[in-house]
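A short write-up of the structure that comes next.
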Amino acid sequence: MKIGKLLRDIHHWASPIAMLPLGIIIVAGLFLMLKKDVDWIQPPTQRSAIEVTGPPETTLAELYAAAVAIEELEITAWEEFDRIDIRSDRGIAKFIAPNRWEAQIDLVTLETLSLQYRRSDLFEQIHDGSFFADWVKTFIFLPVGVILLVLWATGIWLFVEPYWKRWQRKKKRAGRG
């Protein structure tokens with residue numbers, strides 16, 4: 001079997017296998033590309049109205065108490081937070097709860113500057129397959145990534161091959177003349 005035929009067959013049969021998972025990856029990836037531009041996907045990062053030089057005098061316990069007081073976060077214990085992101089350059093702390101709500105709290109006044117639903121983490125989980133199940137991430141999305149790499153490589157060959165053959169024929173004709 002010639003290499004061109006083999007690569008066309010691989011390209012032909014690998015494509016339908018990868019179609020659905022790859023479509024999901026692409027759509028979720030498009031949302032992730034826009035997460036800083038579309039507030040619906042990820043809330044914009046606020047800025048404290050008070051500019052402070054040096055560390056604020058607010059303690060972590062005070063920040064925690066301010067975050068727990070926000071009902072939408074549904075947090076009753078420190079360990080329940082998905083993550084806490086302190087943005088010292090903006091004077092805020094972001095508290096992200098497992099229910100995907102995000103509260104941005106001023107590091108000086110402890111005022112809640114923003115309380116919004118955060119969808120970017122959901123799109124990240126869909127993009128890597130962990131939203132569906134850990135086994136889907138490992139046994140479907142990872143192989144589809146490998147298949148996509150094979151499709152990319154075979155597609156390059158299928159694109160270059162006619163030019164390569166034409167160049168070889170011209171070279172052969174020029175050698176005869």
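The values are calculated or read from the model by the stated rules, or taken from the named source; none is laboratory data. Source: prediction; values computed, not measured. Accessible surface is based on the protein model in full, side chains and every heavy atom, while ligands, DNA and RNA are left aside. Shrake-Rupley method; radii C 1.70, N 1.55, O 1.52, S 1.80 Å.
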Check your understanding: Using alpha-carbon positions, what is the distance between the centroids of segment 76-98 and segment 102-174, in Å?
Key -> 28
Exercise for review: Leaving out ligands and nucleic acids, note down the accessible area per residue over segment 21-162 with a 1.4 angstrom probe, in whole Å².
Suggested key: 59
Review point. Straight-line reach from K2: which aspartates and glutamates have Cα under 16 Å away, leaving out those fewer than 8 places along the same chain?
Key: E161
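Please report, as a whole percent, how much of the solvent-accessible surface of segment 67-106 comes from carbon and sulfur atoms (probe radius 1.4 Å). Working shown, then result.
On the way: 890 of 2010 Å².
Using a 1.4 Å probe with all protein chains present, segment 67-106 comes out at 44 percent carbon and sulfur.
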Check your understanding: Sequence-distant or interchain residues sharing an amide H contact under 5 Å with S114, placed H: which?
Key -> Q104
Exercise for review: Calculate how many DSSP beta bridges within the chain are antiparallel, expressed in % of all such bridges and rounded to the nearest 5.
Suggested key: 100
Practice item. Give me the lysines in straight-line cross-link reach of K94: C-alpha distance below 27 Å, same-chain residues under 8 apart excluded. Key: K35, K36
